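In what follows, a structure is listed as C-alpha cells, so that the remarks can point back to it.
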Amino acid sequence: MHLGHVHGALLNWKKLQDEYECFYAIVDWHALTSEYANPEIIGESIYDIAMDWISVGLDPEISPFFIQSHIKEHAELHLILSMITPLSWLERNPTYKEQLRELTQRDIYTYGFLGYPVLQAADILMYKANGVPVGKDQAPHVELTREIARRFNHFYGEVFPIPALLLTPTSKILGIDRRKMSKSYNNAIFLTDTDEVIDTKVGQMITDPQRARRNDPGRPEICNVFTFHEIYSDPETVSKIDNECRSAGIGCVECKRLMAASLKTGLEPMRAKRKELETDTNKIREIIEQGNIRARAVARETMAEVREAVKI
Ligand code: SF4
C-alpha cells in the first residue's frame, strides 16, 4: 500500500470502524479477473494487505478481515445475481469502458471481467450492507449494486437493504510527479519504503513549477511538498514554510529535507507495526482465519434466505 491508499481510503475506514459494524474483504477473485495469467502474485499479496491494514490502525477484532475466495457463498450469490443482471447494465459501466482502454497490456475481454461488478454486488449484499465506502471512481459500481438489489427484491421479495454510497473524500496527496499516486505510474511512496528510499523520492518531488530559481517566490497552495507538510509537520513548521516559501526565504531543497524528516517520523509507528507483524506471519493467518469464520457465519445466513426467496 502507498500513501495514496492510506490517505485516500484506509484512514477513512479506520474512522468508520468506530461508527459502523464493518467487514473488510481481501478480494482475490476480483484480482483474478485481470491477473488470471499471473495468479501467484495474488496469493502473495493477501497477507501483505492484511499487514498494511493493521499497521494503519484497522482492528480485526472489531471489523473482521476475510478472504473472498474462502467464503464460497460469494460465488453462489454471484451466480444467482448474474441471472437477473441485464447485460446492458454491465456494458454501459464507465469503469469497464475506461479499463478496456487503459489496461492494454492484458486481454480483459473476458466474461469474468465484464461481470466484475456483479461479483462486487454479491460481496456487498452478502453482508446486507447499509453503506459502502468508496472513492468517486467506484461510485457507478455501488449504483449498479443498488440496481441489482432492487431487481432481486422485485422478483423474489425484500431480502436486501439498498446500500448507501459513503463517498470517501479524495486524498489531496499526489504522486512525486504531481499525477495521481499510483503504483503503475511509478510515482508512489510506500509504507514499506526505507528512510533512504523516502529521502530519494522526496528529493525527486516536483514542486511549484513557477519557482525555477532559489530567489523566486513560491506558491505553497499548489505545491505537493507543502500538502505533505500540512499532513505530517507540526502547525508551527507549516506556517513558517508557508511564509518563507512565499518570500523565497526557504529553498525547495531545504523545504523537502524538513518534509522528509516529518514524513519519516509520522510514518514510523505504522512502519514499526508492520515490521513487527512481518515477524509473525502465523498470527496474520490466524487473524484472517478468525475473520473468515465470522464472515462465513453471516454469509451462510444470507444464502439460506436467498435460496428460500429464489425457491432453489
Ligand atoms: Fe514547495 Fe517548499 Fe518549494 Fe515552496 S519551498 S515551492 S512549499 S517545496
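The values are calculated or read from the model by the stated rules, or taken from the named source; none is laboratory data. Keep in mind it's a predicted model, so treat the numbers as computed, not measured. Neighbour counts are summed over all protein chains in view; Cβ atoms, including those assigned to glycine, are modelled from backbone coordinates with ideal geometry. For the accessible areas, the whole protein counts, side chains as well, though only heavy atoms, and no ligand, DNA or RNA atoms are used. Shrake-Rupley method; radii C 1.70, N 1.55, O 1.52, S 1.80 Å.
Taking the criterion of being open to solvent by less than 90 Å² (accessible area, probe 1.4 Å), more than 16 Å from the ligand (Cβ to nearest atom) and not assigned by TED's automatic domain parsing to the domain that holds Asp59, would at least one residue in segment 247-264 satisfy it?
Taking every residue of segment 247-264 in turn, at least one turns out to be open to solvent by less than 90 Å² (accessible area, probe 1.4 Å), more than 16 Å from the ligand (Cβ to nearest atom) and not assigned by TED's automatic domain parsing to the domain that holds Asp59.
Only residues that are closer than 29 Å to Met270 by Cα and either near the ligand (Cβ under 8 Å from one of its atoms) or open to solvent by 80 Å² or more (accessible area, probe 1.4 Å) (or both) were counted in segment 205-233, giving 10. Of the residues making up segment 100-114, those that are assigned to a helix (DSSP H, G or I) and either touching a strand residue (DSSP E or B) at 6+ places or on another chain (Cβ under 7 Å) or in contact (Cβ under 8 Å) with a residue 24 or more places away in the chain (or both) are Gly112, Phe113, Leu114. Name the residue, out of Leu81, Leu58, Leu77, that is in a loop (DSSP other than H, G, I, E, B) and touching a helix residue (DSSP H, G or I) at 6+ places or on another chain (Cβ under 8 Å). So the residue among Leu81, Leu58, Leu77 that is in a loop (DSSP other than H, G, I, E, B) and touching a helix residue (DSSP H, G or I) at 6+ places or on another chain (Cβ under 8 Å) is Leu58.
Taking every residue in segment 206-228 that is farther than 19 Å from Ser171 by Cβ and pairing it with any residue that is among the small types (Gly, Ala, Ser) and within 9 Å of the ligand (Cβ to nearest atom), at least 6 positions away or on another chain, the pairs with Cβ-Cβ distances below 6 Å are Asp208/Gly218; Arg211/Gly218; Arg214/Gly251; Asn215/Ala248; Pro217/Ala248. Look at segment 115-128 and say how many of its residues are open to solvent by 20 Å² or more (accessible area, probe 1.4 Å), not in a helix (DSSP H, G or I) and not charged (D, E, K, R). Of the residues in that region, 1 qualify.
Of all residues in segment 175-195, those satisfying the criterion of being open to solvent by 40 Å² or more (accessible area, probe 1.4 Å), of a type in the set (S, T, N, Q) and either within 15 Å of the chain's Cα centre (by Cα) or closer than 19 Å to Ala9 by Cα (or both) are Ser184, Thr192. Would you say Ile287 is open to solvent by less than 90 Å² (accessible area, probe 1.4 Å), farther than 30 Å from Glu221 by Cα and either assigned to a helix (DSSP H, G or I) or away from the ligand (no atom under 16 Å from the Cβ) (or both)? Yes: the conditions hold for Ile287. Please determine, by comparing only the residues of segment 291-310 that are in contact (Cβ under 8 Å) with a residue 40 or more places away in the chain and open to solvent by 90 Å² or more (accessible area, probe 1.4 Å), which one is nearest to Glu158 (Cα to Cα). Looking at the filtered set, the residue picked out is Arg300.
Number of residues in segment 1-24 that are in contact with a Phe, Trp or Tyr (Cβ under 6 Å, 6 or more places away or on another chain) and either of a type in the set (Phe, Trp, Tyr) or open to solvent by 20 Å² or more (accessible area, probe 1.4 Å) (or both) equals 2. Residue check, Ala272 against (1) of a type outside the set (Asp, Glu); (2) within 16 Å of the ligand (Cβ to nearest atom); (3) part of a helix (DSSP H, G or I); (4) in contact with a Ser or Thr (Cβ under 9 Å, 6 or more places away or on another chain), all met but one. Which one? Condition not satisfied by Ala272: (2). Of all residues in segment 164-173, one or more are within 15 Å of the ligand (Cβ to nearest atom), touching a residue at least 60 places away in the same chain (Cβ under 8 Å) and not in a helix (DSSP H, G or I). For segment 161-174, the condition holds for no residue, the condition being that it is crowded, with 17+ Cβ neighbours inside 10 Å, over 27 Å from Glu143 (Cβ atoms) and not aliphatic (A, V, I, L, M). Do the conditions hold for Asp52, that is, is it surrounded by fewer than 19 Cβ atoms within 10 Å (Cβ to Cβ), touching a residue at least 24 places away in the same chain (Cβ under 8 Å) and among the acidic types (Asp, Glu)? No; evaluated as a whole, the condition is false for this residue.
Could you tell me which of the residues Glu76, Glu35, Glu40, Glu44 is surrounded by fewer than 20 Cβ atoms within 10 Å (Cβ to Cβ), farther than 22 Å from Ala297 by Cα and more than 18 Å from the chain's Cα centre (by Cα)? Of the residues listed, the single one that is surrounded by fewer than 20 Cβ atoms within 10 Å (Cβ to Cβ), farther than 22 Å from Ala297 by Cα and more than 18 Å from the chain's Cα centre (by Cα) is Glu40. Taking segment 135-160 as the range and being surrounded by 16 or more Cβ atoms within 10 Å (Cβ to Cβ) and not in a helix (DSSP H, G or I) as the test, the residues that pass are Val159, Phe160.
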